[in-house]
Amino acid sequence: MKAEIVIVGSGAGGATLAKELTKQGRKVVIIEKGSRVKKLGGKVRSAIKLYDRFGLFLKSKEGVVIYRTIAVGGTTLVSCGNMVRSLQKEFLDLGVDLEESFIEAEKEIGITSVPKKFILCGSKIITGIANGISYKMAPMPKGVDFSKCNSCGNCVLGCNCGAKWTSEDYINQTVSQGAILKTKTEVDEILISDGKAIGIRAGHEKIMADSIVLCAGALATPVILQKSGISAGKRLFCDLFTVVYMNTRNLNQLKGITMATVNHEFYESERFILSPFVDPWLALFFSTHGHRISRENILGIMVKIADESEGEVFSNGKFAKKVTRHDMRRLNMGESIAKEILVQAGGEADSVFITPPRGAHPGGTAAIGEVVNNNLETEIKNLFVCDASVLPIAPGLPPILTIVALAKWFAKRLL
C-alpha cells in the first residue's frame with residue numbers, strides 16, 4: 001500500500017491531524033492498534049475493556065497505575081470531556097505559537113463551561129461549600145453539547161447520549177473523505193532508507209509513505225522510536241492524581257456531569273487542581289485495595305498535580321514511574337484542602353479514604369526540544385511525533401484541547 005502520510009494512532013492528535021490533512025486532499029492511512037467501539041453506553045463492563053489491563057494492572061515497576069485506552073478514538077472516548085488550554089506559554093517559548101489553533105479548536109468543538117443546571121447532587125454541595133470557605137470552584141469548560149446531555153454522571157464510561165466530543169468524530173469525517181483506517185493493526189517498525197522514513201511494517205504488511213507521524217501515545221510512541229534507533233522514553237510524566245473520599249448519610253455524586261467544577265487557584269503556585277469526582281468503578285477499584293465502599297453514600301474530590309518528569313518507558317513497553325517527594329508534598333497539600341471541604345459538605349471525617357496516586361495523562365517521552373525539533377520532526381527525516389509524548393512538561397491539566405491545537409498547528413506545517 002502507498003500513502004502520502006501514515007498516522008499511527010487515532011486519539012486526539014492522530015484524528016485531528018488526519019482530518020486536517022484529508023480536508024486538503026492528502027492521501028492518509030491511519031493505523032490503530034485497537035478496534036472500533038460499537039457502543040459504550042455508560043456501562044462499567046464495556047468501558048473497562050478499553051483500558052490496557054482493565055485500568056487496574058498497567059503499573060510502573062514502582063507500582064503506580066497509569067491509564068491508557070486502546071481503541072479508535074483513544075482516551076477521548078472515556079475522558080470527562082474537559083477542555084482547557086495548557087502549556088501555551090511553554091510551547092511559545094519553544095517557537096510553537098498555538099493561539100490561532102486554540103481559537104479554531106474551541107470553536108470547532110463547541111467548548112462551553114458547564115451550565116448550573118448540570119451541577120447536581122454532591123458536586124453542587126461541594127462547589128457551594130468550597131466557594132463559601134474561599135476555595136473558589138468555577139464551572140469546568142467542556143467539549144459537550146449540553147442540549148444532548150442527560151446528566152447520567154458516567155462520562156468516563158463513554159457517553160451514552162452522544163453529547164461529548166471524541167476524536168472518533170474526526171475519524172468518521174476523515175474516513176468519509178477518503179482516508180483509510182486500519183484497525184487491530186500494530187506497528188512493528190519504521191522502514192528507513194538513507195536516514196529517511198519511507199514507510200511502516202505491521203506484521204506481514206508494509207505501507208510506504210512520504211511522511212510518518214506517530215500519535216500512539218506517550219507509552220507506545222517511544223517504544224516505536226526506540227526500535228527505530230532513536231533515544232526516547234525518558235522524562236515520563238502522567239499528571240498524578242488522588243481522590244479523597246468520605247462517607248455520608250444521604251449524599252452522593254451519582255448524577256450530574258463528571259468534574260463539573262474546578263478549583264485553579266493553587267495551579268500557578270503549587271501546580272495542582274481540585275475537582276468533584278468519584279471513580280465510576282468504585283466498588284471494583286476498592287475491592288482490589290481491601291476496602292468496601294459504595295457510590296450511593298460517598299463524596300469525593302480529585303487532587304491532580306503536574307508531577308515531575310522522572311519516569312521512563314523502555315523498549316519492551318514496560319515503564320518506571322515513581323511518586324517523588326515533591327509530588328507527594330503537592331498531593332498532600334491538595335488532599336488537606338479536599339478534606340476540609342468534604343467535612344464541611346457533610347462528610348464523616350473518621351471515614352476518610354485517599355486513593356493511591358495514579359496517572360491519567362502520560363506524556364513527555366519524546367519531548368519537543370529533545371527528541372523532536374520545533375517542527376515535531378525526529379532525527380530521522382520525515383518521521384514526526386504529534387501526541388502527548390512531545391509535551392515539554394506535565395500540564396497538570398486536561399491535555400486534550402492542547403493536543404488538538406498542536407495537531408492543527410502541525411498539519412499546517414506538514415502541508
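Nearest 10 degrees, 0 to 90: what angle lies between the long axis of helix 121-132 and the longest principal axis of the chain (Cα atoms)? Rounded to the nearest ten degrees, it is 80.
Close amide H partners of LEU181, meaning residues 5 or more places away or on another chain with modelled amide H under 5 Å apart, are ILE30.
Here LYS61 is the anchor, and the aspartates and glutamates within straight C-alpha reach of less than 15 Å, apart from those fewer than 8 places off in the same chain, are GLU310, GLU312.
Close amide H partners of ILE380, meaning residues 5 or more places away or on another chain with modelled amide H under 5 Å apart, do not exist here. Principal-axis analysis of the Cα atoms of the chain puts helix 12-23 at an angle of about 50° to the longest axis. Taking the DSSP beta bridges with both ends in the chain, the antiparallel portion is around 65 percent. Between SER336 and HIS264, the distance separating the two model label sites (each 7 Å from Cα on the Cα→Cβ line) works out to 2.5 nm. Any idea what the alpha-carbon Rg over 2.2 N^0.38 Å comes to for region 318-379? Computed over Cα atoms of region 318-379, the ratio equals 1.74. The simple Förster model, with R0 at 30 Å and r as the Cβ-Cβ distance, assigns GLU370 and LEU415 a FRET efficiency of 0.75.
Just so you know, the Cα atoms of the chain work out to an Rg and Dmax of 20.7, 68 Å.
By the rule of a C-alpha distance below 20 Å, with chain neighbours fewer than 8 residues away ignored, the aspartates and glutamates paired with LYS2 are GLU20, GLU32, GLU186, ASP188, GLU189, ASP194, GLU205, ASP210. Rounded to the nearest 10 degrees, the angle from helix 325-344 to the longest Cα principal axis of the chain is 40 degrees.
Per residue of the chain, the DSSP helices (runs of n ≥ 4 H) give a summed -39500 (n - 2.57) that works out to -7500 deg cm²/dmol at 222 nm. In sequence order, region 353-359 has phi-based couplings of 9, 10, 5, x, x, 10, x Hz under the Karplus curve 6.51 cos²θ - 1.76 cosθ + 1.60, θ = phi - 60°, and Gly or Pro positions carry x. Backbone phi angles across region 261-277, fed through the Karplus curve with coefficients 6.51, -1.76 and 1.60 (θ = phi - 60°), yield HN-Hα couplings of 10, 8, 9, 10, 5, 9, 5, 5, 8, 10, 6, 9, 10, 10, 7, x, 6 Hz in residue order; Gly and Pro are listed as x. 3J(HN,Hα) couplings calculated from phi for region 145-159 with the Karplus curve 6.51 cos²θ - 1.76 cosθ + 1.60 (θ = phi - 60°) are, in sequence order, 8, 5, 6, 9, 5, 9, 6, 6, x, 10, 3, 7, 9, x, 6 Hz; Gly and Pro show x. Cross-link check: pairs LYS49/LYS381; LYS182/LYS318; LYS19/LYS49 evaluated at a Cα-Cα cut-off of 32 Å; pairs beyond the cut-off: LYS49/LYS381.
Residue pairs exceeding 30 angstrom between C-alpha atoms, taken from LYS117/LYS322; LYS322/LYS408; LYS43/LYS117; LYS117/LYS184; LYS27/LYS89: LYS117/LYS322; LYS322/LYS408; LYS117/LYS184; LYS27/LYS89. Note on GLU205 and SER315: the model spin-label points, each 7 Å out from Cα along the C-beta direction, lie 2.7 nm apart.
According to the square roots a ≥ b ≥ c of the eigenvalues of the Cα gyration tensor, what is the shape class of region 1-125, taking rounded for a/c under 1.5, prolate for a/b larger than b/c otherwise, and oblate for the remainder? Here region 1-125 falls in the oblate category.
Projecting each Cα onto the charge dipole of region 150-282 (Lys/Arg +1, Asp/Glu -1 at the beta carbon, about the Cα centre), which of ASN172, ASN154, THR258 comes out farthest on the positive side? Of the options given, the answer is ASN154. Measuring r between the beta carbons of LYS23 and PHE57 and using R0 = 41 Å, the FRET efficiency lands at 0.55. In this structure, the amide hydrogen of ILE230, modeled 1.01 Å from its nitrogen in the peptide plane, lies closer than 5 angstrom to no residue at least 5 positions away or on a different chain.
Coordinate-derived values only; no laboratory data. Source: prediction; values computed, not measured. Note that each Cβ is placed from the backbone with ideal geometry, even for glycine, and that neighbours are counted across all protein chains shown.
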